[in-house]
1. How many residues does segment 68-88 contain that are among the small types (G, A, S) and under 16 Å from D18 (Cβ atoms)?
2. Can you give me the number of residues within segment 81-98 that are surrounded by 15 or more Cβ atoms within 10 Å (Cβ to Cβ) and either closer than 13 Å to A25 by Cβ or in contact with a helix residue (DSSP H, G or I) (Cβ under 6 Å, 6 or more places away or on another chain) (or both)?
3. In segment 32-48, which residues are buried (at least 18 other Cβ atoms within 10 Å of the Cβ), outside any strand (DSSP E or B) and in contact (Cβ under 8 Å) with a residue 40 or more places away in the chain?
4. Hey, can you tell me all the residues within segment 66-107 that are assigned to a strand (DSSP E or B) and charged (D, E, K, R)?
Amino acid sequence: MQEQWKQQHIPVKVYRTDERLMVVAPMAGIEPENIVVEVTADGCLVLHGDLRGQFKEIKDLLLDEWSAGNYHRELVLTVPVNAPCANVTYGNGVLLVTLPISEQVYPARLVLERITPTHGTHKGNAGHPPSCVQQ
């Protein structure tokens, strides 16, 4: 039996306060540098993660009851956000995206910096009201 890598739908939880929108998504088995978070100009949040080179040495898959990676999800955001000022963290297989709410959509493509093989971070303003400068 060979392991099949298929794109998986990511379940999410979305929270909102007066100042920020938070999206939490499980993305088990992904390394931080293989995760992309993007806010498009039309207010869509795209979460994507690719599994790269896992289990290459394994010859025979004996039981296949769960899958890790390739993940993809697109969400239409209900409020405009300031993506360049976002805070994105990944740890223990869970992605947390914290987006400051703004008057208009500021798009951005966000990548994570690897801290350890299973933890990564993109620090904007740690999810607090925007203090970063627009580019």
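1. Number satisfying all stated conditions: 0.
2. The first filter runs over segment 81-98 and keeps only residues surrounded by 15 or more Cβ atoms within 10 Å (Cβ to Cβ), leaving 81-90, 95-98.
Next cut, either closer than 13 Å to A25 by Cβ or in contact with a helix residue (DSSP H, G or I) (Cβ under 6 Å, 6 or more places away or on another chain) (or both) only: 88-90, 95-98.
Result for segment 81-98: 7.
3. In the first step, residues of segment 32-48 are kept if they are buried (at least 18 other Cβ atoms within 10 Å of the Cβ); the result is 32, 34-35, 37, 39, 45, 47-48.
From the residues that got through so far, the ones that are outside any strand (DSSP E or B) too are 32, 34.
The one that is buried (at least 18 other Cβ atoms within 10 Å of the Cβ), outside any strand (DSSP E or B) and in contact (Cβ under 8 Å) with a residue 40 or more places away in the chain: P32.
4. To start, the set of residues in segment 66-107 that are assigned to a strand (DSSP E or B) comprises 71-76, 81-82, 87-91, 94-101, 106.
R73, E74 - these are the residues of segment 66-107 that are assigned to a strand (DSSP E or B) and charged (D, E, K, R).
To keep it simple, each residue is scored yes or no on (1) at negative phi; (2) touching an Asp or Glu at 6+ places or on another chain (Cβ under 8 Å); (3) modelled with pLDDT of 95 or more.
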residue	(1), (2), (3)
H9	yes, no, no
Y15	yes, no, yes
A28	yes, no, no
N34	yes, yes, no
V39	yes, no, yes
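The values are calculated or read from the model by the stated rules, or taken from the named source; none is laboratory data. Predicted model, so just to flag it, every value in this text is computed and none were measured. All Cβ positions, glycine included, derive from the backbone under ideal geometry; neighbour counts span all protein chains shown.
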